[in-house]
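Below is one structure; the comments refer to it alone.
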Amino acid sequence: MTKLFVLGASGAGKTPVARQLADALGVPHIGASQWVRRAFPPVDDPTQRQQQIEAMTRFSIEELRANPRACLDFIQREQHDLADAGAPCVVEGMRNPFDFVHAFDPRRDLVVMMERADNTLQRTAFERGLDVIRDYLAWLRGAGLMDDAHVLARTIATAAEIEAFVADALTFCAGRVVPTSFVGPQHVHAQIAPQSWLVQKEILYGNDAKYAGDVVPCKVFAVSSYPGSTLTFKILLDDGAVFSYVAPHQLRTRPTIEAPGLDLRDLVYLNCPDESLVVERFDALASDRGVLCYFKHRDLWMKGSYVFTVDWYTGNDLLHCVTLENGQIALLPHHKIKFHDDAPGFQPYKKIRADWRV
């Protein structure tokens, strides 16, 4: 359960990006500069934006001189409890290092830093705080207190690139920004942090052969556990249509699956044993180094990225959802995956079968 900070100078496009991310992730959007903006009427004339930004900066400085916690107090009082680790949200617009240090938890929070190459607005002295925040994040990484996987920095050339950037940011957040209502034991269905994947078009039209090979963008937002079937997914299409019982081999992360393409029996290790499940994402399993998966039927190793874990908690079955480098989705147990290691082969470990009771 994570907070996502969207940072950047005025005119970088933070607001539309932050709102789209919050909507896609199903978490609140927090405007960190709202405490200042509410004192200034909106300006429609682009030529007046620079003047208003400078006026807002002067106002901010005076307020912060009187109360260094003015921004944090406003958010706490009127928007969100940033100190609650179990209350994920998207925080947009922080540029005061004091605010950021007090709100950001390097153990679990994420940062998206935006710049616009075509930004015509001049940065104010107050916005230089973003440079301090950037240096602070670099210090955290250098000191070993945070890994690189917590920060996504990108320069956007034009407004037209924002949509692609949002898609990249959602991939960056995959499984890590999870609404609290999604966590805990579930029955049959469990929501997941939305994944922007692709679905085979023919299954949407009764397996009509004329659509074979085509794919459609979708938002994967839940998994379903029907005993005796593979774990399946619920998806939302751009036109608002919802489909259930979509199998893993019918989804992908890229338009074309690269060889070798795997069958369902390769991709999924076991069928759902019952209807009681928990979906969780473990930070320790996520890394830039990814995972290495072994497929027994093919005697094949393939790289991938960890997304989330499904645990059928009444029994002894657990699978990790992984996006593979060839574009497919796999569901595999511990002993078929090597985390943060790209050397094929397993040590001759034995499964722990003991029961521990007192």
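The values are calculated or read from the model by the stated rules, or taken from the named source; none is laboratory data. If you're wondering where the values come from, they're calculated on a predicted model, not measured in any experiment. Glycine gets a Cβ as well: all are built from the backbone with ideal geometry, and neighbour counts include every protein chain shown.
Of all residues in segment 226-283 being acidic (D, E), in contact with a strand residue (DSSP E or B) (Cβ under 7 Å, 6 or more places away or on another chain) and not in a loop (DSSP other than H, G, I, E, B), which is surrounded by the most Cβ atoms within 10 Å (Cβ to Cβ)?
D266
So is L64 within 23 Å of E161 (Cβ to Cβ) and either hydrophobic (A, V, I, L, M, F, W, C) or touching a residue at least 12 places away in the same chain (Cβ under 8 Å) (or both) or not?
no
Sort out for me the strands (runs of 3 or more DSSP E) sitting completely within segment 1-120 that have 2 or more residues that are in the same structural domain as A149 (by TED's automatic domain parsing), within 25 Å of V279 (Cβ to Cβ) and of a type in the set (A, V, I, L, M).
Hits in segment 1-120: 89-92, 110-116.
Here are the criteria: (1) in contact with a Leu (Cβ under 8 Å, 6 or more places away or on another chain); (2) assigned to a loop (DSSP other than H, G, I, E, B). Tell me which single one N207 does not satisfy.
So the condition that N207 fails would be (1).
Looking at (1) at pLDDT below 95; (2) in contact with a helix residue (DSSP H, G or I) (Cβ under 6 Å, 6 or more places away or on another chain), which one does L237 not meet, given that it meets all the others?
Every condition holds for L237 apart from (2).
Working only within segment 284-327, note down all residues that are part of a loop (DSSP other than H, G, I, E, B) and touching a His at 6+ places or on another chain (Cβ under 7 Å).
S287, R289
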